[in-house]
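Below you'll find the structure, written out as structure tokens, and then a few comments.
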Amino acid sequence: MPPGFSLPPQALRGVRVLDFSHVIAGPFATFHLAQMGAEVIKVEKPGGGDVMRRSASGASAFTALNAGKITREIDMGSDEGRAALLAYAREADVLVDNYRPGVLQRHGLGYDDVKVINPRLVYCAISGYGYADPQRTGRGAYDHVIQALTGMTMLAGQEGDPPVKVGFPVVDAATGVIGALAIMAALREREHTGVGSFLDVSMWASALQLMYPFACDAMTLDHDIARVGNKGYSGSPAADTFACRDGWLAIGANTPAHVARLLAVLEIPPAEVAPMLEPEDAEAGARFARARDPKAFRDTLAARLANRSAAELEQRLNDVGVPCAKVRTLREFTREAVETGLLQPVVLGDGEARAVTPGLGWRVLS
């Protein structure tokens, strides 16, 4: 283990979670709770269960997201099943509902039903559209559908491209993390008030959280955001991704000082590109770099980078304070992270299946 590495503290020991979740978003929320010590009872339909359990593409993800949970197959449509679930709810601290709004309510397991028998229960409803939009409440949703709905697919790619989704279920993951955060906050609030709460966590709202800077601009300035492809958020003409002889290099030369260091490493005389750049002024150190002719400047950088080594430049540029990274595949990065000690993988399993995971994404150093 790297120095100072430790598993997350068992901060939720003694907390009992009744988990009506499936696929990714809900299970990811309860995964965090389980890994922090909560007892999670995952309720699945008899004979069917979570669709991810039998998915060839999602089997390892299912094992990882649900390891450490107690699975109970219960038919909530039967009188016996409903009685058993109400008994669980009576003793639970948290209930996570990942069905479409209205499903648990129809079975007498909605928030209004269970708060009568357990006023201290934190009830977290995770859905695609939440409970605030009457036109969409009750609809099902998947990650790529929400990416399309929220405009995320019109931020990726270049202008003129068809919609481009993020290449992994980013909204599902964000919704799970936000759900876990909301539950932690509600449990803390319960310590002061003695009563639980009803949490409305939606995928569309989580997508906006991921797009926060752009979403703020779109709402404040009331205009659409231009698609930037692989450019950096700063808009600097030197914050982009360039082809090199051994792959691609993402460069984060955001400020005029970054640009000057980049030019020095690439041995480009400042006078050669001065007509393409905005002149520096007294506030240059407090702003992002800008170009009079962004295309000409980028073309100049691209031509100089095309025959250089991305791996070598990653080291040289970072050494002089210009953030950059050679583009890697996910497999390349995870193998490198393990070899260098950056990542200590966690092996999770249920006795029959196992999965290697990156854990919770944070660690305790002291």
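When the residues of the stretch 165-177 are narrowed to those that are in contact (Cβ under 8 Å) with a residue 60 or more places away in the chain and open to solvent by 20 Å² or more (accessible area, probe 1.4 Å), which ends up nearest to R227 (Cα to Cα)?
This residue is P169.
Out of M76, M52, M36, which single residue is at pLDDT 90 or above, in contact with a Pro (Cβ under 9 Å, 6 or more places away or on another chain) and surrounded by 16 or more Cβ atoms within 10 Å (Cβ to Cβ)?
Every option except M36 fails the conditions.
When the residues of the stretch 88-111 are narrowed to those that are touching a Ser or Thr at 6+ places or on another chain (Cβ under 9 Å) and among the charged types (D, E, K, R), which ends up least open to solvent (accessible area, probe 1.4 Å)?
D97
Suppose the filter is open to solvent by 50 Å² or more (accessible area, probe 1.4 Å) and within 27 Å of V356 (Cα to Cα); does I70 pass it?
Yes, satisfied.
Would you confirm, using the coordinates I've provided, whether L149 is among the hydrophobic types (A, V, I, L, M, F, W, C) and buried (at least 21 other Cβ atoms within 10 Å of the Cβ)?
Here the answer is no, as L149 does not meet what is asked.
Taking L85, is it touching a residue at least 24 places away in the same chain (Cβ under 8 Å), among the aliphatic types (A, V, I, L, M) and open to solvent by less than 70 Å² (accessible area, probe 1.4 Å)?
It is true that L85 is touching a residue at least 24 places away in the same chain (Cβ under 8 Å), among the aliphatic types (A, V, I, L, M) and open to solvent by less than 70 Å² (accessible area, probe 1.4 Å).
Does R120 meet the test of being of a type in the set (K, R) and either surrounded by fewer than 16 Cβ atoms within 10 Å (Cβ to Cβ) or closer than 21 Å to D19 by Cβ (or both)?
Spelling it out, R120 is indeed of a type in the set (K, R) and either surrounded by fewer than 16 Cβ atoms within 10 Å (Cβ to Cβ) or closer than 21 Å to D19 by Cβ (or both).
When you scan the stretch 317-362, how many residues do you find that are in a loop (DSSP other than H, G, I, E, B), in contact with a Lys or Arg (Cβ under 7 Å, 6 or more places away or on another chain) and exposed (fewer than 13 other Cβ atoms within 10 Å of the Cβ)?
2
Test S127 against the stated conditions and say whether it is over 25 Å from A34 (Cβ atoms) and open to solvent by less than 60 Å² (accessible area, probe 1.4 Å).
No: the conditions fail for S127.
The values are calculated or read from the model by the stated rules, or taken from the named source; none is laboratory data. Bear in mind that the values here come from a model prediction, so they are computed numbers and not experimental data. Please note: Cβ atoms are built from the backbone with ideal geometry, for glycine as well, and neighbour counts cover all protein chains shown. Ligands, DNA and RNA are excluded from the accessible area calculation, which covers all protein heavy atoms including side chains. Shrake-Rupley method; radii C 1.70, N 1.55, O 1.52, S 1.80 Å.
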